[in-house]
Every structure is written in C-alpha cells, then in structure tokens.
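Undergrad: I am attaching a structure below and will ask some questions about it afterwards.
FYI, it's all coordinate maths here, none of it is from the lab. Since this is a predicted model, take the numbers as computed values, not measurements. Note that we place each Cβ from the backbone using ideal geometry, even for glycine, and neighbour counts take in every protein chain shown.
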Amino acid sequence: MFMKHIGKINNKKVAVVYKTVPDQEHMALVLYTETIPRNIHDDIMSAIESPEGQEANELADVLFRKLLSDGRPILETVHSEGMLKKVECKQVIITPNASSHIRLDELNRLVAEMESGDEAKNKLADLDANAGLVDPNSKASTVLGDSTIAKQQLDQATKMEAESKSLLAESKRLKVEAYKLDDSLKPKRGRKPSVKKKAKAKA
C-alpha cells in the first residue's frame, strides 16, 4: 500500500504540507508527525489516508477543509501553534511505501520539467507506476501565512453565505406552498388591544 504526502527527514517521519514555498522553491513546509500531540496526529493521519487526502496534490488543500475532533480547522491550528516547519526540499525523502523513495527536490524538479520535455514526463510516469506516486502537476501553492489562511477562510465564508441565502429562499418558498395547501398551519397573529381596553388598563 502506498501513501502520498508521507516522507522522512533523518529517519524522522514527516507529512509534507506544501511541497514548495513561493520565492523559495528549494524549501518546503512539513509537520513532524511524531512530535505533535496525539489527538492532532490521529486527525491529520485520518485526513491523509482519506480519499480526498490521497487525491490532493497538496496536503494543505485537504487540511484546510478538514477539522480536528474538537472542531478546530486543522491547517489553521497547526499554523497558529507553530507546528509547521520550513525545511530544505533536498532533506525530505518521500516514502510512498516501504520499498520506494525519492527526494522531494528531485520530484519537484521532474514536475517543473514536465512542460519542457517528454523525458521528465516518462520518468515521472515510471515513478508513478513503480513507487505509487501520483502526478502532482499543479500550480505552486501560495505561501502559508496569516493572509493566506485569512483569504481561505473568507472564501469559505462567502461560499457558506451564498449557500445559506439559497437555503433561506427555498425555506420561504416551501412555507408559502405549505400555507396554500393548508391555511390552518399559518401562524395566527395576536389581535391588538382595543382603545377601550387600553383606557381601562391605564385607569
């Protein structure tokens, strides 16, 4: 069985959150999985092992959407608590399974060369076939920082707001149809007190 996003640095297990850092393509962002709290570790491993985790080109995309067991967003939590570490790509050995490995900087170089020649494409395809690596051909992710996470949260909030408006409109439509079918279900408005009753109350 192979597993994406998993590697080692000096025999210490890591999860590769970002394979490169913009303007510092020789650097990557990783999590040392053996040193983070057990509850966070288990939730991250579940995210990695999930179908979404194995299909994603960048682990960060999945960690952004997934939540910890206590309800906190995984990516935001590991960032705010200083668990993400910047390391040199050449230090990271990607280990999709027990018998296969490739240095992260070599993998990144192959991806970068794919547009310029078939040789790199063929080599990457060979790695995919023999090491279980999936073609990670995608645009480089933006650097992880407060502004990046804030933008991701804003995008998610905007999407949720649009969905809530749509649901609210649908609920109103269903209510109107329900009242047409059975007028007795329509909420009865309380009658306003008469002038006489108001005067009596004042007296």
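Undergrad: Which shape class, rounded, prolate or oblate, goes with the range 39-112 when its Cα gyration tensor gives a ≥ b ≥ c as root eigenvalues, a/c under 1.5 marks rounded, and past that a/b bigger than b/c marks prolate? Before the final figure, lay out the partial values.
TA: Details: a/c = 2.09, a/b = 1.65, b/c = 1.27.
Verdict is prolate for the range 39-112.
Undergrad: Related question: For R109 paired with S46, estimate the spin-label separation in nm (one decimal), with each label point 7 Å from Cα along the Cα-to-Cβ line.
TA: Calculated label separation equals 4.0 nm.
Undergrad: Still on this structure, please answer the following. Within 10 Å, count the other beta carbons around each residue, average over each peptide in 175-188, 95-108, and list them highest first. Provide the component values of the computation, followed by the final result.
TA: Working: 175-188: 9.4, 95-108: 16.5.
Ranked from most to least packed, the peptides come out as 95-108, 175-188.
Undergrad: Give me the number: length gained by fully extending S100 to D182, i.e. 0.36 nm times residue separation minus the C-alpha to C-alpha distance, one decimal in nm. Before the final figure, lay out the partial values.
TA: On the way: separation 82, 0.36 × 82 = 29.52 nm, distance 6.73 nm.
Gain in length upon complete extension: 22.8 nm.
Undergrad: Can you work out the FRET efficiency for the pair K8 and K175, with r the C-beta to C-beta distance and R0 = 45 Å, to the nearest 0.05?
TA: Working: r = 58 Å, r/R0 = 1.29.
Once rounded, the FRET efficiency stands at 0.20.
Undergrad: Could you sort out which of K8/K66; K4/K165; K66/K86; K90/K159; K165/K186; K159/K188 sit more than 31 Å apart by Cα distance in this structure?
TA: Numbers: K8/K66 23 Å; K4/K165 38 Å; K66/K86 22 Å; K90/K159 38 Å; K165/K186 23 Å; K159/K188 36 Å.
Listed pairs above 31 Å: K4/K165; K90/K159; K159/K188.
Undergrad: So, one more: Which trypsin sites (Lys or Arg not before Pro) in the range 1-94 sit in a loop by DSSP (not H, G, I, E or B) and have at most 15 other Cβ atoms within 10 Å of their own Cβ? Each step should come with its number before you reach the end.
TA: On the way: sites: K4, K8, K12, K13, K19, R38, R65, K66, K85, K86, K90; in loops: K4, K19, K66.
Filter output for the range 1-94: empty list.
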